[in-house]
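Below is one structure; the comments refer to it alone.
The values are calculated or read from the model by the stated rules, or taken from the named source; none is laboratory data. Note that the structure is a prediction, hence the values are computed from the model and not measured. Note: ideal-geometry Cβ built from the backbone for every residue, glycine included; neighbour counts use all protein chains shown. SASA here: full protein model, heavy atoms, side chains in, ligands and nucleic acids out. Shrake-Rupley method; radii C 1.70, N 1.55, O 1.52, S 1.80 Å.
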Amino acid sequence: MTSFHYTTRKPGETVEQLLREQWQGGKKTVHQMRMDKSVTDADGQPVEWKEPLPEGTRLIFGFSDAHSSYKPEPFDSLNVIWEDEHLLAVHKPAGIAVHPEHAPGTGTLINEVMGYIDAKGGSYAEHIHRLDQHTAGLLLIAKHPIAKTMLDRMLEQNRIDRFYTAELEGLLRKPRGTINMPIGKDRYHATRRRVSPSGQSAVTHFQVLERRPDSTLVEAQLETGRTHQIRVHFAHLGHPVIGDQLYGSETIARGPYKLTASKIAFEHPITMESIVLETE
């Protein structure tokens, strides 16, 4: 069964306060946990939800019905960057999709992650954000439903800092700046996006890392997470990501286009630790 451990940090904490107020778990998940009496003490005995607990009480939170639908697959090539009971960070290679388009679906990163989780006795793995198929880099995975709910909320509230490294065509003049241009669908192309006044708000912060003879290496930080956001924004400025022919790159790069999710920083929603993860 999917589960995690927690030790109360102050006198008087209750299971009810933790799940409903502090962590704001999903109503359906919390209700099921209560019905299943799946919050226990270190000896496996169910804990009363409204009972004030002494500081240092060890609890186990279980999820009897937490099962992801992805088919487990071999994970020999899976690159795990960081992990605890709540979250998993992996490096996604360029060229592999994060998740299947249709169930059951196979051959994606989340299938490999599910194989890894299954081998360790777990049954739940859900990605927090997405990366385009040909974008490499860091991806966060929730290992239980409470973590998924909390990280989804943090993403919506812009409390997960996501940084990308991109090599752009040409020489970008400004050393740093903010691109604040809405992005919408391109009516003439099924998968392409474009800067559009009627699109969704999209904000990208950037700074130049290195100027090369015919290109510029930048670090871009997402404030929003629109589809193809970095690719669209820089292409609109006349500096598409090298090799990104969908957005007008004239440079034929070896392999995928030059965009990597290079760093993620956030405050862990349960342990409250400051987590900074970077690609190797």
Can Gly170 be described as open to solvent by 20 Å² or more (accessible area, probe 1.4 Å) and either charged (D, E, K, R) or at pLDDT below 95 (or both)? no
What is the one condition in (1) modelled with pLDDT of 95 or more; (2) surrounded by fewer than 21 Cβ atoms within 10 Å (Cβ to Cβ) that Ala125 does not satisfy? (2)
How many of the residues in the range 125-149 are within 12 Å of the chain's Cα centre (by Cα), over 21 Å from Ser64 (Cβ atoms) and hydrophobic (A, V, I, L, M, F, W, C)? 5
Could you pull out the residue among Arg153, Arg162 that is within 25 Å of Gly238 (Cβ to Cβ), in contact (Cβ under 8 Å) with a residue 24 or more places away in the chain and not in a loop (DSSP other than H, G, I, E, B)? Arg162
Residue count, the range 128-150 (criterion: modelled with pLDDT of 95 or more, open to solvent by 20 Å² or more (accessible area, probe 1.4 Å) and not in a helix (DSSP H, G or I)): 1
Starting from the range 70-89, keep only residues that are over 18 Å from Ala147 (Cα atoms) and in contact (Cβ under 8 Å) with a residue 12 or more places away in the chain, then list their pairs with residues that are surrounded by 17 or more Cβ atoms within 10 Å (Cβ to Cβ) and among the aromatic types (Phe, Trp, Tyr) whose Cβ atoms are within a distance under 7 Å, requiring at least 6 positions of separation or different chains. Phe75/Tyr116; Leu78/Tyr116
Looking at this structure, is Tyr116 crowded, with 17+ Cβ neighbours inside 10 Å, in a loop (DSSP other than H, G, I, E, B) and modelled with pLDDT of 95 or more? no
Of the residues Ile270, Ile242, Ile230, only one is open to solvent by less than 70 Å² (accessible area, probe 1.4 Å), under 20 Å from His91 (Cβ atoms) and not charged (D, E, K, R); which? Ile230
Condition met for Thr224 (surrounded by 12 or more Cβ atoms within 10 Å (Cβ to Cβ) and not acidic (Asp, Glu)): yes
Restricting the search to the range 180-207, which residues are over 22 Å from the mean Cα position of the chain (by Cα), open to solvent by less than 70 Å² (accessible area, probe 1.4 Å) and hydrophobic (A, V, I, L, M, F, W, C)? Met181, Val195
Among the residues listed as Gly238, Gly225, Gly243, the single one being in a loop (DSSP other than H, G, I, E, B), touching a strand residue (DSSP E or B) at 6+ places or on another chain (Cβ under 8 Å) and among the small types (Gly, Ala, Ser): Gly225
